[in-house]
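Here is the structure we will look at.
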Amino acid sequence: MFLMARRLIRPRRWTPSDRVDRGPTGTLTVLRRLPTGGRGPEDVVFDHEGQILTGTAGGRLVRIDPVTGDHRVLADTGGRPLGLHPCADGSVLVCDHDRGLLQVRPDGTVEVLVRAAFASNVVQARDGTVWFTTSTSRWDLENYLGDLFEHTSTGRLLRRDPDGTVTTLLDDLKFANGLVLAPDESHLLVAETAGYRIQRHWLTGPRTGRTEIVVDNLPGFPDNMSLGSDGLLRVAIAAPRNALLDRLLPLPGFLRLLVWNLPAALHPKAVPIAWAMAFTLDGNPVDDLRTSDGSYGFVTSVAEHHGTIVLGSMTENDVAIVQSP
């Protein structure tokens with residue numbers, strides 16, 4: 001996945017905290033792989049009937065039975081679906097990298113709600129308010145590492161009101177990614193992939209509009225997140241942090257520019273690992289499950305439903321059902 005484009009970067013200096021890794025609490029064991037009929041099931045979510053929803057690189061929105069493995073194409077977005085949110089009316093909100101925020105109706109028709117570049121993840125409140133993230137305004141999915149290298153922090157958190165009004169709530173985010181709405185709708189949790197952290201943005205109460213760090217200094221790159229039926233915040237970790245990148249980020253930008261333009265064989269490589277973590281909503285760690293046995297890799301999403309845990313990946317063809325700890 002570490003593909004470098006020959007493009008000028010605009011490095012911004014940032015000093016990450018020293019990596020703290022307490023190690024796994026258990027082994028992530030793949031029980032079954034369920035074909036999607038495509039490639040790159042980047043996000044996985046359970047719908048209201050306990051079926052798995054995912055999107056593939058070809059633009060298809062797919063529904064998979066976690067028991068039988070049968071899959072059915074619900075729609076073609078005409079782009080590249082990433083984050084998903086099943087709605088109570090049977091429709092699905094889709095963050096599409098190419099087209100923005102979409103709504104796929106039960107009959108398969110697709111409506112563009114908001115045109116946005118690199119729309120990443122989405123949630124919806126009971127009153128129809130929608131929040132979604134955009135990861136970067138400067139890079140596309142194929143060249144996302146450019147954003148991590150230059151660290152210009154152009155990610156955003158946006159709100160779409162039921163009347164269609166769109167408001168930017170947060171900007172300057174470090175590759176905004178996974179998004180979770182608290183069960184009482186009091187706050188949002190936002191993953192910053194390039195910041196190795198999860199932030200809380202308050203929607204109600206005395207701290208309305210304020211943002212605070214909930215989980216900081218993660219040992220890997222947090223990607224999509226979900227809230228399980230067990231009440232835990234599930235966080236996909238795409239890869240461990242890269243020591244070379246961490247050393248380069250605080251230094252003058254020309255050093256990153258030099259590394260960026262090295263031959264591909266000398267570029268930093270993602271460590272092949274399948275990794276998912278779980279926290280309470282207050283950020284207390286519960287599980288840290290990993291495997292590097294090659295059974296699955298580059299986990300970009302994780303979801304839990306009544307004890308069934310499923311993983312999605314940008315690089316795999318299948319979703320994976322894994323053993324519960």
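All of the numbers you see were taken from the coordinates with simple rules; none came from a lab. From a predicted model like this one, the values you see are computed outputs, not experimental measurements. Using ideal geometry, Cβ is built from the backbone for each residue, glycine included, and neighbour counts are taken over all protein chains shown.
What to note about this one:
- Modelled FRET efficiency - R0 22 Å, His306 with Val286, Cβ distances, 0.05 increments: 0.80
- For Ala239, the residues whose modelled amide H falls within less than 5 Å of its own, excluding neighbours fewer than 5 places apart on the same chain, are Phe221.
- The range 194-325 - Debye-derived log10 I(q)/I(0), Cα point model, q = 0.11, 0.14, 0.16 Å⁻¹: -0.48, -0.73, -0.89
- Tail fraction, Cα-Cα pairs, the chain, threshold 30 Å, whole percent: 28
- Per-bin percent of Cα-Cα distances, the range 169-243 [10 Å]: 20, 51, 25, 3
- Amide hydrogen neighbours beyond the local backbone of Leu82, cut-off 5 Å, H modeled: Cys95, Asp96, His97
- The chain: calculated mean residue ellipticity at 222 nm from DSSP helix runs of at least 4, using -39500 (n - 2.57): -1500 deg cm²/dmol
- Taking θ as phi - 60° and the Karplus parameters 6.51, -1.76 and 1.60, the scalar couplings of the range 106-123 work out to x, 7, x, 6, 10, 10, 7, 8, 9, 7, 7, 7, 6, 4, 10, 8, 8, 9 Hz in sequence order, x denoting glycine and proline.
- Restricting the trypsin sites (Lys or Arg not before Pro) of the range 236-325 to loop positions (DSSP other than H, G, I, E, B) with no more than 10 neighbouring Cβ atoms within 10 Å leaves nothing.
- Order of Leu34, Leu311, Leu169 - criterion: other Cβ atoms within 10 Å of each residue's Cβ, fewest first: Leu169, Leu34, Leu311
- Candidates per chymotrypsin sites (Phe, Trp or Tyr not before Pro) in the range 1-78, loop by DSSP, up to 16 other Cβ within 10 Å: Phe2, Trp14
- Among Pro183, Pro66, Pro41, the largest mean-square fluctuation in a Gaussian network model of the chain (Cα springs under 10 Å) belongs to Pro183.
- Burial ordering of Cys95, Cys87, fewest other beta-carbon atoms within 10 Å first: Cys87, Cys95
- Asp70 paired with Asp184, simple spin-label distance in nm, labels 7 Å along Cα-to-beta-carbon: 4.2
- Among Asp163, Asp21, sorting on how many other beta-carbon atoms sit within 10 Å of each Cβ, with the fewest leading, yields Asp163, Asp21.
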